[in-house]
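The values are calculated or read from the model by the stated rules, or taken from the named source; none is laboratory data. A quick note: this is a predicted structure, and the numbers were derived from the prediction, not measured. Backbone-built Cβ (ideal geometry, glycine too); neighbour counts: all protein chains shown. Heavy atoms of the whole protein, side chains included, go into the accessibility calculation; ligands, DNA and RNA do not. Shrake-Rupley method; radii C 1.70, N 1.55, O 1.52, S 1.80 Å.
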2 protein chains.
Amino acid sequence: MSKRNIYLKTIPVAEALERARAALDREALVGSETVPAHLAAGRVTAAPVHARLSSPAFHSAAMDGIAVKAEATFTAREGHPLRLEPGRDFFPVNTGQPLPGGTDAVIKIEDVVQDPGGALQIEAPAFPWMHVRRIGQDIVATELMLPQNHPLSAYDVGALLSAGIWELEVWQPLRICFIPTGDEVLDFATRPQPAPGQVVESNSQVLAALAKNWGARMRWTAPVPDDPERIRRAVEEALASEAQVVVVGAGSSAGTRDFTSRIFAELGEVLAHGLAVSPGKPTLIGTAAGKLLVGAPGYPGSAIVCFEEVLAPLVAWLGRAPAPSRERIEVRITRKTPSRLGAEEMLRLAVGKIGEEAMAVPLGRGPGMITNLTRAQALVRVPAGSEGLEQDERVSAELLVPAPLLESVLVHVGSHDNTLDLLSNELMGRGEPLRLVSSNVGSLGGLTALRAGSAMFAGVHLFDPQSGDFNFPFLEKYLPGLEVVVVNLAIRHQGLIVPAGNPKNIRDIHDLAREDVGFINRQRGAGTRILLDYHLKQAGIAPARVRGYEREEYTHMAVAVNVLTGSADAALGIRSAAKALGLDFVPLARERYDLVIPARFTEDHKILTLIELLQSEPLIKQIDALGGYETPLTGRIMHPGMGLEG
Amino acid sequence: MSKRNIYLKTIPVAEALERARAALDREALVGSETVPAHLAAGRVTAAPVHARLSSPAFHSAAMDGIAVKAEATFTAREGHPLRLEPGRDFFPVNTGQPLPGGTDAVIKIEDVVQDPGGALQIEAPAFPWMHVRRIGQDIVATELMLPQNHPLSAYDVGALLSAGIWELEVWQPLRICFIPTGDEVLDFATRPQPAPGQVVESNSQVLAALAKNWGARMRWTAPVPDDPERIRRAVEEALASEAQVVVVGAGSSAGTRDFTSRIFAELGEVLAHGLAVSPGKPTLIGTAAGKLLVGAPGYPGSAIVCFEEVLAPLVAWLGRAPAPSRERIEVRITRKTPSRLGAEEMLRLAVGKIGEEAMAVPLGRGPGMITNLTRAQALVRVPAGSEGLEQDERVSAELLVPAPLLESVLVHVGSHDNTLDLLSNELMGRGEPLRLVSSNVGSLGGLTALRAGSAMFAGVHLFDPQSGDFNFPFLEKYLPGLEVVVVNLAIRHQGLIVPAGNPKNIRDIHDLAREDVGFINRQRGAGTRILLDYHLKQAGIAPARVRGYEREEYTHMAVAVNVLTGSADAALGIRSAAKALGLDFVPLARERYDLVIPARFTEDHKILTLIELLQSEPLIKQIDALGGYETPLTGRIMHPGMGLEG
């Protein structure tokens, strides 16, 4: 085998950041520039700002009314009105106007009585400076308005212009150059069609979007192949550009094609290789030519940790801005989640409110899983010394979305069905959009979640051979004592998903025992697996005789994709999955897919919206259009013994 | 007097928003557009997005190592290694590479032992699909990736590109046109020098900066004079442009020059005039040509409430985005703050952490006060039915800055001094910047704040005629039993601030009793006022003989500005204030300005930094350069009886 790298000892992120700050001279690296004040929001002052004009620059009326000399009104009182002549005793003023010479108070228009002929009467005296905004009351010329290193807000822009400051000195924006690497990596800009083994480069654009939020600017190169000479040249070019930060995408790990650490060492100095954080471990930090070098892992989940935990604080520090931070909330963890000792784990969570409590479903942790990133509302850091999170443990989590958005999250745990995608999209089309966060753990997993109180509803399709009924026998068994309402989503067709044209001529369940047929199964607890086991038993086929019985996937679409790509010859699943991928379908059974809702949630506005939607004509038409569903019961309340007939 | 408008009945903000949403047809007003996926972060999907590619699109190695057929490894166990031949039994793979045909598992490189000659040994079997990322495990082609109305994050951009989505349908950005109005309003772009009665227009740029944060785009016109015809023409032009929202700045109030409501009524319909919120009451909402019309108040504080409470939620609603929201924290109110019944009051707060507690100093409430906006870290809503906030009341406040920033706030309450500006700027230049939030309420006010526990330190300069000492006699009286440390900031010169050239020939305290001399005083409790009273008493002058004794300002600079603009002939204040504004100065006394720090805070890292800074040469040089200060004691711990000698 060819030469491999070896990680230096992994170090905590904080220590890596400390090394980088110690190695960089930010005074030399990031200078200041002058910008117009009206465009300065989001920038950081590089020098103190002193007011040029006072505000107000003159004594001005704070109310609409009349300007008077207070002294001349002292005799007015209730029942003893004082008569004021226009142009002598009073002058009309609107808010903001300067006080006419000789006046020092304003009486509100509501407090004067108009005489015929233009004179006025008042029944209370004014005191000096009443309803007057005095010179410099707000800002005094020459005074400090903003100190150095102050992050400028929209409000500050108003203050600067009011004080006559038209331009000011701010720190230069940080400039980042991102160099994606890898033979297998395709440039997204070419709109490529990846062949097997190839992937579309996207980390550059994730960083570009993040950098924009940090107030930094990013440019990127086309992907550079795994050739040390070419990567080194690209890094050298970036170092020669105006960028203060150079990030090399992928190649920072310990594989045979990971050249980045060697290149960094040749061009400058490696400060850290391997961080005690998961994902994100294969992060590399170095310096060269006084600039910051970062090697970012290739997996999206790892890259994001590198971007947010390493790059973001260093970019902020270089630009004298506060490091980006997230709001924290307390969440209840709904599933025991072990964590490896020795590295801080960044665990992403799907979070929805159930009553007052934020319930957090830990998402999977494959660093290559992009949907873990897009589906998460929060993340929790499991410390390096912790063995993980317990079920029902309350932890402080960092929000990835605005807190009010959690109020609109509907947490579903249970079986996967393609109609849930329709539901999800339709719920987001409501006046008050609802976000369906779905954890696909199978029907029994859904019932377990209801029992634990960690889901608002569960989608289940569990056939009970003894009674011939669906779902209710399982509710009695798994949710004794829990009052629930059961609403039908659809009757759906389950069958064998086979390649288009059905090349192996699979006709029924017996064909799964054939030597030349590879199967792909669903996970334990899935209603579809229970259905398979029932049909295998009926047919007298032992599971061990089904080749691939032990291979598990978590959704209908996932098993269908295995059939599509030839990694399996058959799978049990729903017709709509076969149809979506252009596969053939051999019907096996019809089953009832219901939504089980604890009765205590049926008054919740989100659940009411859900039920209302299930009863709406447009949704039913969309379900029918999917194929493989029947909708006579959709949106109806189910009762024991109804079977498929309603 | 000319014709005035009358407010329609004021209504709560929520009701005004409801009226606007009911009157607008957002389907007609805001359409969709196609944007490249890599530029879509921050936008909102206008249609569901389905995956085009699966991810992974092939079975791929999840680890660096060797790909094997699991079945062929079942005999390997500890002590009984299995020998694997390259190219037959195993194939080296790096993370992300496709599995070679016939293999279905990956063994980590750490778990193999190299034989000489290229063969390997393993001591544990692989199980099928071990360390393999299976096809579609993350994203399955054709599946829903994102529903409609989904706000796109940086993560989503990565997911879109990975799934082969190069462009997508998003809602158009909202376009706002802002029309400033007012005869007295000057276009900031001309860099004007305002004459008395004129102000620089700045609200347009505050809104532009806010709108950018909302993802909206704003253009603005030059200020339009108070001429109904010209304003109407400007509104008509804006309505004919692509803007969906037209905002008229100022002119929405009830003054004689407030034409906006009439113009809105002529062009369309007024939906609300006058909101039950303070500041922000003179807000006007209407529609014309299917577009949203808003009349924004002219005062900066009122305009911002209109922008953030009215425009922001409507712009978000039109663009199908979540309304901007703020993090909430519990704060303790440090000063009783009455509020008027009948309107919700938006009260801005300076907030700093003292220990674990966030202490909130209510800032003044003049809607014209720009510094109330720039100095605030939070705001609290006092409900319409509340009479205000009690001292020490704990309330939920909305943060205007990131929460971690509160940890860096040093809360000072006490006397104002120009050296505090220097301190403030220098503290922001530290490695970990500290933000000085200063409430200028005079020396006695500072001691009161220390007693209430609502400040970390107080700047005081209180002369005790009986002992001839500074500050300590007052500490015994006002802070009995509180252990404090007293550190000198500077010895400073107090004297009479008079116009340049001293036209009225003011020589000493006796001149303040002259008929032709107008004085401007400091507020009760200010050390400077106590000093004045002492010198008046020494000179046998009754306060009533000083013309202007009752006119109060809160800072040295504010009294100096009164002298500068001729609204007073003399003030008692510090030399640096006179110097800053080019005024003359008649010395009267030297005094010791000390910082009083409760002993329990002296271990706080912020206080330690402050004391360290006071002892630093560069700061002392800057204080000396101000003029009117002596620094032999600066940074030294003071003890009773030291007077000015140390």
Check: Using a 1.4 Å probe on protein heavy atoms, which residues of region B:329-372 have at least 20 Å² less accessible area in the complex than alone?
Finding: B:Gly368, B:Met369, B:Ile370, B:Thr371
Margin query: Taking a ≥ b ≥ c as the square roots of the Cα gyration tensor eigenvalues, with a/c under 1.5 meaning rounded and otherwise prolate when a/b beats b/c, else oblate, which class fits region B:329-401?
Written below: oblate
Item checked: chain B: relative contact order in percent, alpha carbon pairs under 8 Å with at least 6 residues between -> 11
Check: Among B:Gly352, B:Ser396, B:Pro383, whose Cα lies farthest out toward the positive end of the dipole of region B:329-401, if unit charges sit on the beta carbon of Lys, Arg (+1) and Asp, Glu (-1)?
Finding: B:Gly352
Next item on the list: Please report the buried accessible area for the interface of B with A, total over both chains, probe 1.4 Å, in Å² to the nearest 100.
Entry: 9300
Next item on the list: Compute the distance in nm between two label points, each set 7 Å from the Cα along the Cα-to-Cβ direction, one at B:Ser241 and one at A:Arg262.
Entry: 5.9
Checklist line | Using a 7 Å Cα-to-Cβ projection, A:Gly118 label spacings across copies, nm, ascending | finding: 11.1
Item checked: Of all chain A residues, the one whose C-beta is nearest the axis that brings A onto B, in angstrom -> A:Glu327, 2
Margin query: Given a 1.4 angstrom probe, I'd like the percentage of the accessible area of region B:329-401 that is carbon and sulfur, rounded to a whole number.
Written below: 49
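Sequence gap at least 6, Cα distance under 8 Å: using those rules, report the relative contact order of region A:448-630 to the nearest whole percent.
35
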Margin query: How far, in nm to one decimal, is A:Asp183 from itself in the other copies if the label point is set 7 angstrom along Cα toward Cβ? Shortest first, please.
Written below: 8.0
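Given the DSSP H assignment, sum -39500 (n - 2.57) over each helix run of at least 4 residues in the protein assembly as shown and divide by its residue total; what's the result at 222 nm in deg cm²/dmol, nearest 500?
-6500 deg cm²/dmol
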Notebook entry, point to check: What lysines sit close enough to A:Lys353 to cross-link, taking a C-alpha to C-alpha distance under 16 Å and skipping anything fewer than 8 places away on the same chain?
Noted result: A:Lys606
Item checked: Candidate lysines - alpha carbon under 27 Å from B:Lys537, same-chain residues fewer than 8 apart omitted -> B:Lys477, B:Lys504
Checklist line | Antiparallel DSSP beta bridges within the protein assembly as shown, percent to nearest 5 | finding: 70
Notebook entry, point to check: How many nm is it between the label spots at B:Glu393 and B:Leu608, if each spot is 7 Å from the Cα in line with the beta carbon?
Noted result: 3.8
Margin query: At a cut-off of 50 Å², which residues of region A:178-194 become less accessible once all protein chains are present than in their chain alone, using a 1.4 Å probe?
Written below: A:Phe188, A:Arg191
Check: Considering only B:Ile491, B:Tyr155, B:Tyr299, whose Cα is most displaced toward the positive end of the charge dipole of chain B, charges sitting on Cβ of Lys, Arg (+1) and Asp, Glu (-1)?
Finding: B:Tyr299
Note to self: Please compute, for peptide A:209-220, the average count of beta-carbon atoms on other protein chains lying within 10 Å of each residue's beta-carbon.
What the structure shows: 2
Item checked: Net dipole in debye of the protein assembly as shown [+1 Lys, Arg Cβ; -1 Asp, Glu Cβ; about Cα centre; nearest 20] -> 260
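Kindly work out what percent of the DSSP beta bridges joining two residues of chain B are antiparallel, to the nearest 5.
Working: 82 of 116 bridges.
The antiparallel fraction comes to roughly 70 percent.
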Next item on the list: Determine the dipole magnitude for region A:60-133: charges of +1 sit on the beta-carbon of Lys and Arg, -1 on that of Asp and Glu, nothing else is charged, the reference point is the Cα centre, and the result goes in debye to the nearest 20.
Entry: 160
Next item on the list: Holding the Cα-Cα limit at 22 Å, pick out from A:Lys9/A:Lys281; B:Lys579/B:Lys621; A:Lys108/B:Lys336 the pairs that are longer than that.
Entry: A:Lys108/B:Lys336
Checklist line | Cα centre as origin, Lys/Arg/Asp/Glu Cβ charges: region A:448-630 dipole, Debye | finding: 360
Note to self: Using a 7 Å offset from Cα along the direction of the beta-carbon, what are the separations from B:Asp464 to the same position in each other copy, nm, ascending?
What the structure shows: 8.7
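Please say if chain A is rounded, prolate or oblate, where rounded means a/c under 1.5 for a ≥ b ≥ c the square roots of the C-alpha gyration tensor eigenvalues, and otherwise the choice is prolate for a/b larger than b/c and oblate otherwise?
Taking the square roots of the gyration eigenvalues as a ≥ b ≥ c, chain A is oblate.
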Check: Rounded, prolate or oblate: which fits region B:390-507, taking a ≥ b ≥ c as square roots of the Cα gyration tensor eigenvalues, rounded meaning a/c under 1.5, else prolate when a/b beats b/c?
Finding: oblate
Check: Taking a probe of 1.4 Å, how large is the accessible area per residue of the protein assembly as shown, in Å²?
Finding: 38
Note to self: Can you tell me which lysines have their Cα less than 23 Å from the Cα of B:Lys212? Leave out same-chain residues fewer than eight positions away.
What the structure shows: A:Lys212, B:Lys291
Item checked: Dipole of the protein assembly as shown [Lys/Arg +1, Asp/Glu -1 at C-beta], most positive-end residue of A:Ile506, B:Pro503, A:Val106 -> B:Pro503
Check: When the accessible area of each residue in region A:116-134 is compared between its chain alone and the complete protein assembly (1.4 Å probe; ligands, DNA and RNA ignored), which residues differ by at least 40 Å², being lower in the assembly?
Finding: A:Trp129, A:Arg133, A:Arg134
Notebook entry, point to check: Carbon-plus-sulfur fraction of the accessible area of region A:448-630, 1.4 Å probe, in percent?
Noted result: 52
